[in-house]
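Only one structure is covered here, and it is reproduced in the block below.
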Amino acid sequence: MKSGAHDYIMKDNTARLLPAISRELDEAKIRKRRREAESTIAHLAHYDALTKLPNRTLFQDRLKQAILVANRESRMLAVLLMDLDRFKEINDTLGHQCGDLVLQQVGMRLCNVLRRSDTVARLGGDEFAVILMISKPEDAELMAVQITEVLEQSFLIQDIHIAVEVSIGIALYPDQGTDAQSLIQRADVAMYAAKERGSGHMIYTVDHDRHNPRKLSLMGELRDAINTQLCLHYQPIVDLKTNAVTGMEALVRWQHPQHGLIPPDQFIVPAEQTGLIIPLTRWVLQEATRQIRLFHQAGIQLSLAINLSVRNLQDPHLPRLIKEILEVSGLEPFWLELEITESAIMINHANALKVMDQLHDMGVKLSIDDFGTGYTSLGYLTKLPIDSVKIDKSFVIGMTHNDKDQVVVRSTIDLGHNLGLKVIAEGVENQENLNQLASFGCDEAQGFHMCRPLPAMLLERWLTDGSTWGNKTVSGKMARKHL
Ligand code: C2E
Ligand code: CA
Ligand code: CA
């Protein structure tokens, strides 16, 4: 056959086949696009768009798979649920964009610390979860510690160092649950327990569950209870050179009609989360200034320390409120000392500093509470309008048997003094502690060894009764030097 004829036949066939081929090609393209679309949808349905980590749905699937494997191989596994403490403040104060960047970096840090075979997921908001195959419960705790360490190194975002804290709840298979749902739920309960106790991480126990529902219903009751069921206990603060009692710290409690006296650890954090901390602090300020005035009128000249929370420091109305409360009570501002934690200052630092400056200008004293547990360097303190630092009780309690704690205590005292600050130690539980602090040159101390926090009436009796703690004298009789 001549090539021309061949060409013709070929052309003829091609001409006939072309529509079919192009139809098939079109269909293949459509199928490919559909597959791509399906896989995009599947990805979106299973992965979190912001961090690219598995989402809650995929996490649950993976957990079910992991439980099957653990069951088959008679192994343990751990579900770790974590939540960034006070992340909302970062979002509210620095903006969502900044919050998103923090979440992305949290995701990356988690992936770096875990093995490739472990699952890490973002369940939503600031909540992350991890599945670990483990051989003993301590493995899960070790991982929780590692995670805490990597997440608590500050994040540098838009030239701002942002500190986050994390609370981790742990539930173990098979001990604390044999299905995905109950493991997630129990890790969640343990996480709230860890958050409440500020303990970093916690393995689930039945006890947590017992407390949890109560906590939820309590929060509903707190709003109405603020003006009627809260009460204040006062803990004296002593001067270590003279042994004189110079001040007292007001510590809030909730006298609940059914549950008895509830300590602040159980309601301050939820009150911060719900915003109830604002009316709660107002009540504490009003009640404590009223009480200190009564003491002053009775010749007991003590200063008054009050705790502020993160939210208070972000409240631009706070200085005006305090001014009004001081006017109503007739208390001179230098008697009032406001205790602020390091983390409260670091969160939206510009706003916090503005409020602190205004308070300082009014003549109110400011103190850094729980010093040593946050990220503030002592050098940074020079930039703050503060008068004193309070060394966190964990170091003071630990210093008799732990050299590192002792170093923290000593260097805080020395550097604090170099910066012209008064240094107060809290958590003094025995005479040895007290002697040590005095020998280090610490200015003031507070702790169970001298006196537990007491209702005002009992404190008054303690102050005037020579037998309770031998050496004490009250500043009313030993004129307090102020200003
Ligand atoms: P904080 O400000 O560090 O208060 C000191 C806590 O240490 C108090 O616990 C006190 O009872 C306890 N403490 C005192 N001496 C010793 C000691 O020698 N050993 C030990 N182990 N503990 C000692 P409390 O009264 O349960 O208060 C816990 C926390 O609740 C306070 O810690 C503070 O952060 C918060 N809080 C209390 N009242 C208020 C308040 O009115 N407003 C705010 N925002 N927070 C408050
Ligand atoms: Ca305090
Ligand atoms: Ca403290």
Item to check | Helix 318-329 vs. the chain, principal-axis angle (Cα, 0 to 90°, nearest 10) | outcome: 20
Checklist entry - Tell me, in nm to one decimal, what length is gained between GLN431 and SER182 on full extension, where the rule is 0.36 nm per residue of separation less the Cα-Cα distance? => result 84.8 nm
Next on the checklist: With a 1.4 Å probe and all protein chains left in place, how much accessible area per residue does the chain have, in Å²?
Outcome noted: 49
Checklist entry - Can you tell me the Rg and Dmax of the range 119-252, counting just the alpha carbons, in angstroms? => result 20.0, 62
Checklist entry - Hey, rough spin-label estimate for ASN402 and ARG34, points 7 angstrom out along Cα→Cβ, what's it come to in nanometres? => result 6.3
Checklist entry - Tell me, how many Å apart are the Cα centres for the range 403-424 and for the range 72-151? => result 34
Next on the checklist: Counting only protein heavy atoms and a 1.4 Å probe, tell me what percentage of the range 142-265's accessible area is made up of carbon and sulfur.
Outcome noted: 50
Checklist entry - Once the piece of chain linking ASP26 and GLN97 is laid out straight, how much longer is it, given 0.36 nm per residue of separation minus the C-alpha distance between them? => result 21.3 nm
Checklist entry - Across all directions of projection, what mean area in square nanometres is found for the Cα convex hull of the chain? => result 33.8
Next on the checklist: At a threshold of 8 angstrom on Cα-Cα distance, excluding pairs fewer than six apart, so keeping six or more, what relative contact order does the chain reach in percent?
Outcome noted: 11
Next on the checklist: Can you compute the label reach from GLN258? Point 7 Å from Cα along the Cβ direction, backbone N cut-off under 12 Å, restricted to the range 218-235.
Outcome noted: 218-221
Item to check | GLN286-THR382 FRET efficiency (beta carbon distance; Förster radius 35 Å; 0.05 resolution) | outcome: 0.60
Checklist entry - Using a 1.4 Å probe on the protein chains only, how many percent of the accessible area of the range 388-456 belongs to carbon and sulfur? => result 50
Checklist outcome for this item: FRET efficiency for GLN229 and LEU458 from the Cβ-Cβ distance with R0 = 30 Å, rounded to 0.05, comes out at 0.95
Item to check | DSSP loop trypsin sites (Lys or Arg not before Pro) with at most 12 other Cβ within 10 Å excluded, longest remaining stretch of the chain | outcome: 242-382
Item to check | Length released on extending from GLU138 to ARG116, taking residue separation times 0.36 nm less the Cα-Cα span | outcome: 5.9 nm
Checklist entry - To the nearest 10 degrees, how steep is helix 3-46 against the longest Cα principal axis of the chain, on a 0 to 90 scale? => result 20
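The values are calculated or read from the model by the stated rules, or taken from the named source; none is laboratory data. These numbers were taken from a predicted model, which means no experiment stands behind them. Neighbour counts are summed over all protein chains in view; Cβ atoms, including those assigned to glycine, are modelled from backbone coordinates with ideal geometry. The protein model used for the area step is the full one, side chains on, heavy atoms only, and it has no ligands, DNA or RNA in it. Shrake-Rupley method; radii C 1.70, N 1.55, O 1.52, S 1.80 Å.
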